[in-house]
1. What are the residues in region A:1-39 that are basic (Lys, Arg) and open to solvent by 80 Å² or more (accessible area, probe 1.4 Å), if any?
2. Quick one: is B:ALA125 open to solvent by less than 20 Å² (accessible area, probe 1.4 Å) and assigned to a helix (DSSP H, G or I)?
3. Take B:GLY16 and tell me if it is in contact with an Asp or Glu (Cβ under 6 Å, 6 or more places away or on another chain) and open to solvent by less than 20 Å² (accessible area, probe 1.4 Å).
4. Taking helices (runs of 4 or more DSSP H) that fall entirely within region B:9-107, which contain at least 1 residues that are under 14 Å from B:ALA160 (Cα atoms) and under 16 Å from the mean Cα position of the chain (by Cα)?
5. When B:LYS162 is evaluated against the numbered criteria (1) in a helix (DSSP H, G or I); (2) out of contact with any His (no Cβ under 8 Å at 6 or more places or on another chain); (3) touching a residue at least 40 places away in the same chain (Cβ under 8 Å), which criterion, by number, is the only one it fails?
6. How many residues, within region A:11-25, are farther than 13 Å from B:LEU132 by Cβ and within 11 Å of chain B (Cβ to nearest Cβ)?
7. Yes or no: A:GLN42 within 13 Å of another protein chain (Cβ to nearest Cβ) and either loosely packed, with under 15 Cβ neighbours inside 10 Å or touching a residue at least 12 places away in the same chain (Cβ under 8 Å) (or both)?
8. Going by the conditions given, is B:ILE110 open to solvent by less than 20 Å² (accessible area, probe 1.4 Å) and more than 17 Å from B:ALA70 (Cβ to Cβ)?
Amino acid sequence: MSTTPRFTSAVTDQPPDFSTVLQHQPALLAAFWRLYGIFWSQGALDHRAKEVARIRNARVTNCGF
Amino acid sequence: MTWLRSASDTPTPFEGVLGLRPELLAAYRDFYGRLWDDRLVAPRLLELCRLRVALLHDCQAELAVRHETAGVAAEEVAALEQWQRNDCFTPVERAALAIADKMPWRQHEISDVEVAALRRHLPEAEAVALVLAIGLFDSHCRLRTVLGIEPRRQTVAAPASKRGRLY
């Protein structure tokens, strides 16, 4: 499992991470956050169910982030 | 046929399902549509990766959609099955397809060398958008499969648009 960034940060003096790398496409990142925000803030499932699913998915995909 | 009780197949099968949650459809269309509308990545490169990921998933619903102006000929779509052995793809396309090949099931095998090869060919912003796009294509196929989205063969102006259709 690799968590070593392979792209540069688009933000001066900030290390590369999910947000700072995607800042190379700021409008796309903003659209992603709007979508992701809806996933978490709306819908029939409560936060606990979503969090369980998120963590389970992270374990299945071996995503360290 | 989708297992969802109240979904329709208009205006597109995907929208008919996702439209059950209008706010989700709008946000998803805005996000995914940007890749195609805003030309963040060359359309041909996106289309090749989209179809390659769809082949790996055997996602007939995604394969049924074709981008009419991406410049991918029918014989090139056929060549995607064994792209490594076909010389019709450019070096940047081969670099992108190498990553597309591993995104669905072998994402941890994507090597530093493969990412570096992509970054040699593309500006950083375009490379970032392409990797994100390949991840979206992967999740798009999974959504189609799990939601039971029916294939509908069509050639479209773009597979998605911020203000248009989401196929």
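1. A:ARG34
2. No; evaluated as a whole, the condition is false for this residue.
3. yes
4. In region B:9-107, the matching helices (runs of 4 or more DSSP H) lie at B:13-18, B:22-37, B:43-57, B:60-63.
5. Against the list (1) in a helix (DSSP H, G or I); (2) out of contact with any His (no Cβ under 8 Å at 6 or more places or on another chain); (3) touching a residue at least 40 places away in the same chain (Cβ under 8 Å), B:LYS162 comes up short only on (1).
6. Within region A:11-25, residues that are farther than 13 Å from B:LEU132 by Cβ and within 11 Å of chain B (Cβ to nearest Cβ) number 2.
7. Judged against the criteria, A:GLN42 is a match.
8. So B:ILE110 passes the test.
The values are calculated or read from the model by the stated rules, or taken from the named source; none is laboratory data. Keep in mind that this is a model prediction, so the values were computed, not measured. A quick note on method: Cβ atoms are made from the backbone with ideal geometry, for glycine too, and the neighbour counts reach across all protein chains shown. For the accessible areas, the whole protein counts, side chains as well, though only heavy atoms, and no ligand, DNA or RNA atoms are used. Shrake-Rupley method; radii C 1.70, N 1.55, O 1.52, S 1.80 Å.
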